[in-house]
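The values are calculated or read from the model by the stated rules, or taken from the named source; none is laboratory data. Quick caveat: nothing in here was measured; it's all calculated off a predicted structure. Neighbour counts run over all protein chains shown; Cβ positions are idealised from the backbone, glycine included. Accessible surface is based on the protein model in full, side chains and every heavy atom, while ligands, DNA and RNA are left aside. Shrake-Rupley method; radii C 1.70, N 1.55, O 1.52, S 1.80 Å.
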Amino acid sequence: VSAPGIYIAIVSTIVEKGNPEEDLAPGLEVLGPILQRFTSVQTNYEPISDGSDDKCFISKSFDGTSHFEADCDDFLSLYKRVTGEELDMSISADS
């Protein structure tokens with residue numbers, strides 16, 4: 001929630017050039033003047049195996065996207081690796 005005429009934006013990226021400011025610059029330029037800015041850099045991790053050999057199933061780190069699509073895909077992959085089945089999303093919430 002913000003005041004009228006004030007917008008809240010998220011600009012995220014994966015650091016590729018070794019300098020987060022340089023990687024974020026194109027997105028920040030689109031925004032124009034910025035009243036307040038918070039910058040955070042975090043390391044993303046992912047498992048080195050899928051867990052089928054040692055039964056140790058590990059998810060990836062949350063990524064920088066704001067819509068969680070990659071995180072949901074990772075969860076569905078994790079579910080299938082653990083159970084051996086696709087998650088059935090067709091069930092009714094009322095049942």
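Structural remarks
- Residues V30, V41, ordered by accessible area of protein heavy atoms at a 1.4 angstrom probe radius and largest first, appear as V30, V41.
- Average Cα contact separation per residue, segment 1-62, under 8 Å, 6 or more apart, as relative contact order %: 19
- A DSSP coil position with no more than 16 other Cβ atoms inside 10 Å describes the following chymotrypsin sites (Phe, Trp or Tyr not before Pro) in segment 25-89: F38, Y45, F57, F62, F68.
- Gain in span if fully extended, S40 to A9, counting 0.36 nm per residue against the direct Cα distance: 9.7 nm
- Multiplying each eigenvalue of the alpha-carbon gyration tensor of segment 26-95 by 5 and taking the square root yields semi-axes of 34, 20, 8 Å, largest first, rounded to whole angstroms.
- Counting only protein heavy atoms and using a 1.4 Å probe, the accessible area of I10 comes to about 120 Å².
- Potential lengthening between D94 and E29 on full extension [0.36 nm per residue; Cα-Cα distance subtracted]: 18.7 nm
- Residue order by solvent-accessible surface for S61, S12 is S12, S61, largest first, with ligands and nucleic acids left out and a 1.4 Å probe.
- Cα centroid separation, segment 1-34 to segment 44-70 (Å): 26
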